[in-house]
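S.K.: So that we are looking at the same thing, I have put the structure below in structure tokens.
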Amino acid sequence: MQEPLSPWWSKVQDAAQLLASQLNASVGHAARVGEYTSPPGSPPPRRRRRPASLRHLAEVIRSHRLAPGMSIDKDDVAGVLAGDLRRITDPALVVAVARASHVIAGVPFDELAADRLVVASAHVAALIDAAQQADEQAPRAVPAPRPAGAGQPAREPVVIDAYFTTRRPGRLRALVAGGVGAIVLTVVLMLVLRHEQPHERSSAVPPAAPTVVGVTPLEHGHAEDDYLNARPLQDALERGFTSVEADVFLRDGTLVLCHHVDGDDCEDKRDNRVTAESFESVYLHGLRARVNASGGRVYPGYDQPVFLFVEIKCAEVAGGCKLPADMAAAATDPNNPLVVAEKIMSVLAPYRGMLFHAGQWGPVQLVVSGSHNDEQVPASAGGYDSVRGLLGRQAERYAFLDGSFAADGDQYNADLVPVISFADPDTRDDCTYDDSRSIQTVHWDDIIGAQTTGHHVRVWDELDCPDRSRSWTDAIYGSVDYLSSSHLSLLQDWLTHHVVGGGGGHCAVPAWIATVRLRGQNCTLRAGTVPVMSRPDRASSQVGTVAGGGSRWFLGQQPGESNKVGAATNFWWAYTRADNGQWGWVSLVYFTDAGLDQSANGLQYGCYDVRVGEPDNCHPLGPG
């Protein structure tokens, strides 16, 4: 069993990953906008090479003499981008990789940017020196992190006053908050990078990081392309992410983690060859071990399912996945999304004990994603079918579908489509923010409509930009549930210091409510008499009350009109039956520990699985 990672080595790891994330973002931009050119005097490659691969970066460093006196190969570049401590603490190598990415992208790289990278690299080296000294002082002890005040000032969280309303918010306030959020994050990062003077570089490597106990879950955190991280799943869990994503191909009957294939090679987003690990061993086995060790939860005490997105990938041609012309062969081809989806469903069998299914709560909910899931492709039973159709026919549903606004936004089908995902519209190709295409402007009505019909909403970053604080602010203001990023340290830091709490209520997992003979969730109300309204609107008629100061069952929640009681403001409402037997809505301002305009912790969206044959929307129920 691995020893816990000490606080001082955690700081080293976080600083190294933060710097690596910034470099990866620069390389990713070069891969999108640059072109591959052979080194001077070399013949053109036999096959097309994509720009900003590890080999290309190393070639540019050597041909442009970006690291004089050093012999740089692709392994050195890979080490820097992975956050390897032996390489990322070499400022000359770090700056060379950054310069090479700018050369490929055709954009200037000023000396101020180089100086910042030198400081960041030296900062990691200084943290390593400090960690080594701490190890010498306490070689076998792993003390708890020092509390604020023990020789260092407390770091006050910078909390965005995220005011939502069912009418589109005023742009000025959202933009001001977004700008402040970006400035604050930038200042914090610069202060961290300049906190200590440069020390001589060390080649020490810290102990391997185990699973961390007592991590605070990040309710809005989605780890995009998590399988490409140094330690898939574990890095995300140690940072508290409550949603992770992995791309899969079907190879020789096994689901492997891979972004795309080139012949027999599995490659990542930058066309670098990677080892294709098993999806089952990394994610399903890893999550089951975590749940078994944490009292039946991914995070102890966290009563919401953690999403596991599985994106079906395929070798593509114009119009879809590349399949044989013969229909019978296409129906069994491993590049067929239906075949991959069937394999996903079959591999889940040993792990069903931890999976959310058929309305029964579980600590993990698996969601099948992919751009080809609605396409009609040849099916093994004859004719044509889609991944959507296949998942919808499961006798017991253990695999769910990632939806879209167009197909699912106004449908009460969250029992199949628990999440709707969309690409962030507000980021330009150069990773700058486009106010005219903000999430609130483009998708406000879509988001509120989707949440009203029971769907969570996730935004994903098509461009893989690093510091997206303005876009994240826009998303939080736009009521988005999950923010995506492959830069885990950056998103973790932003969520931790800018978005706190939830809608409160501390809602328990669904349970049978014997008094009304249906399934519901118990949430905690503030003391006092709580009004129940006929609609999710404080201007509607009051139909009754419920007694506060304890636990009360609810069937679900949805957005409505904004309500304000004292200092509390919230536009989310929960559905229940008043003490006089009348059905109606309770504003979340009456929930304990209610956050400002956020949904209740753990309470399902919409009202589902009320009774067989009942409609899906929240509505009054008769006796029995």
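S.K.: Tell me which residues, restricted to region 487-512, are open to solvent by 30 Å² or more (accessible area, probe 1.4 Å) and either hydroxyl-bearing (Ser, Thr, Tyr) or free of Cβ contacts under 8 Å to residues at least 60 places away in the same chain (or both).
M.R.: THR496, ALA511, TRP512
Okay, residues lined up against (1) hydrophobic (A, V, I, L, M, F, W, C); (2) modelled with pLDDT of 90 or more:
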residue	(1), (2)
HIS487	no, yes
GLN492	no, yes
LEU495	yes, yes
GLY501	no, no
CYS507	yes, yes
VAL532	yes, yes
VAL543	yes, yes
GLU561	no, yes
THR576	no, yes
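S.K.: Does GLY595 meet the test of being part of a loop (DSSP other than H, G, I, E, B) and free of Cβ contacts under 8 Å to residues at least 60 places away in the same chain?
M.R.: Here the answer is no, as GLY595 does not meet what is asked.
S.K.: Looking only at residues in region 549-567 that are touching a strand residue (DSSP E or B) at 6+ places or on another chain (Cβ under 9 Å) and among the hydrophobic types (A, V, I, L, M, F, W, C), which one is most open to solvent (accessible area, probe 1.4 Å)?
M.R.: VAL565
S.K.: Any residue at all in region 58-80 that's crowded, with 22+ Cβ neighbours inside 10 Å, under 19 Å from ASP14 (Cα atoms) and modelled with pLDDT of 80 or more?
M.R.: Yes: region 58-80 contains one or more residues that are crowded, with 22+ Cβ neighbours inside 10 Å, under 19 Å from ASP14 (Cα atoms) and modelled with pLDDT of 80 or more.
S.K.: Now for a different question. Go over the candidates THR545, THR515, THR524 one by one and state the one that is polar (S, T, N, Q), free of Cβ contacts under 8 Å to residues at least 24 places away in the same chain and either under 25 Å from LEU621 (Cβ atoms) or part of a loop (DSSP other than H, G, I, E, B) (or both).
M.R.: Selected residue: THR515, the only one of THR545, THR515, THR524 that is polar (S, T, N, Q), free of Cβ contacts under 8 Å to residues at least 24 places away in the same chain and either under 25 Å from LEU621 (Cβ atoms) or part of a loop (DSSP other than H, G, I, E, B) (or both).
S.K.: Now for a separate question. In the list ARG32, ARG87, ARG55, which residue meets the criterion of being under 29 Å from ALA130 (Cβ atoms), basic (Lys, Arg) and either out of contact with any Ser or Thr (no Cβ under 8 Å at 6 or more places or on another chain) or not assigned by the TED database to the domain that holds GLU224 (or both)?
M.R.: Going through ARG32, ARG87, ARG55 in turn, just one is under 29 Å from ALA130 (Cβ atoms), basic (Lys, Arg) and either out of contact with any Ser or Thr (no Cβ under 8 Å at 6 or more places or on another chain) or not assigned by the TED database to the domain that holds GLU224 (or both): ARG87.
S.K.: Could I ask something else about it? Does MET327 satisfy being within 30 Å of GLN521 (Cα to Cα), aliphatic (A, V, I, L, M) and surrounded by fewer than 21 Cβ atoms within 10 Å (Cβ to Cβ)?
M.R.: no
S.K.: Then there's this: Going by the conditions given, is ASP115 closer than 25 Å to ASN229 by Cα and among the acidic types (Asp, Glu)?
M.R.: Considered against the rule, which asks whether it is closer than 25 Å to ASN229 by Cα and among the acidic types (Asp, Glu), ASP115 comes out as no.
S.K.: Which members of region 43-89 meet the condition of being within 31 Å of the chain's Cα centre (by Cα) and not in a helix (DSSP H, G or I)?
M.R.: ARG49, ARG50, PRO51, ALA52, SER53, GLY83, ASP84, THR89
Residues are listed down the side, and each one gets a yes or a no for (1) at pLDDT below 95; (2) assigned by the TED database to the domain that holds PHE249; (3) open to solvent by 30 Å² or more (accessible area, probe 1.4 Å):
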{"site": "LYS322", "(1), (2), (3)": "yes, yes, yes"}
{"site": "LEU338", "(1), (2), (3)": "no, yes, no"}
{"site": "LYS343", "(1), (2), (3)": "no, yes, yes"}
{"site": "ALA349", "(1), (2), (3)": "yes, yes, yes"}
{"site": "GLY359", "(1), (2), (3)": "yes, yes, no"}
{"site": "LEU366", "(1), (2), (3)": "no, yes, no"}
{"site": "ASN373", "(1), (2), (3)": "yes, yes, no"}
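So that you can scan it fast, the table gives a plain yes or no per residue for (1) crowded, with 19+ Cβ neighbours inside 10 Å; (2) of a type in the set (Lys, Arg); (3) more than 30 Å from TRP361 (Cα to Cα); (4) in contact with a strand residue (DSSP E or B) (Cβ under 8 Å, 6 or more places away or on another chain):
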site: VAL419; (1), (2), (3), (4): yes, no, no, yes
site: PRO425; (1), (2), (3), (4): no, no, yes, no
site: THR432; (1), (2), (3), (4): no, no, yes, no
site: TRP444; (1), (2), (3), (4): yes, no, no, no
site: GLY454; (1), (2), (3), (4): yes, no, no, yes
site: ASP461; (1), (2), (3), (4): yes, no, no, yes
site: CYS465; (1), (2), (3), (4): yes, no, yes, yes
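S.K.: While we're on this one: Would you check if there is a residue in region 287-310 being within 15 Å of LEU250 (Cβ to Cβ) and surrounded by 20 or more Cβ atoms within 10 Å (Cβ to Cβ)?
M.R.: Within region 287-310, one or more residues are within 15 Å of LEU250 (Cβ to Cβ) and surrounded by 20 or more Cβ atoms within 10 Å (Cβ to Cβ).
S.K.: In addition: Out of all the residues in region 371-390, which are touching a Lys or Arg at 6+ places or on another chain (Cβ under 7 Å) and either among the hydroxyl-bearing types (Ser, Thr, Tyr) or touching a residue at least 40 places away in the same chain (Cβ under 8 Å) (or both)?
M.R.: Listed by number, the list holds a single entry, ASN373.
S.K.: Another one. Would you pick out the residues in region 576-618 that are of a type in the set (Lys, Arg) and closer than 17 Å to MET533 by Cβ?
M.R.: Within region 576-618, just ARG577 meets the criteria.
S.K.: Next up: For the condition open to solvent by 40 Å² or more (accessible area, probe 1.4 Å) and at pLDDT 50 or above, what is the one hit in ALA208, ALA236, ALA230?
M.R.: One residue alone meets the criteria, ALA230.
The values are calculated or read from the model by the stated rules, or taken from the named source; none is laboratory data. As the structure is a computational prediction, the values presented were derived from the model and not from experiment. Every residue, glycine among them, receives a Cβ derived from its backbone with ideal geometry; neighbour counts consider all protein chains shown. Accessible surface areas use protein heavy atoms only, side chains included; no ligands, DNA or RNA. Shrake-Rupley method; radii C 1.70, N 1.55, O 1.52, S 1.80 Å.
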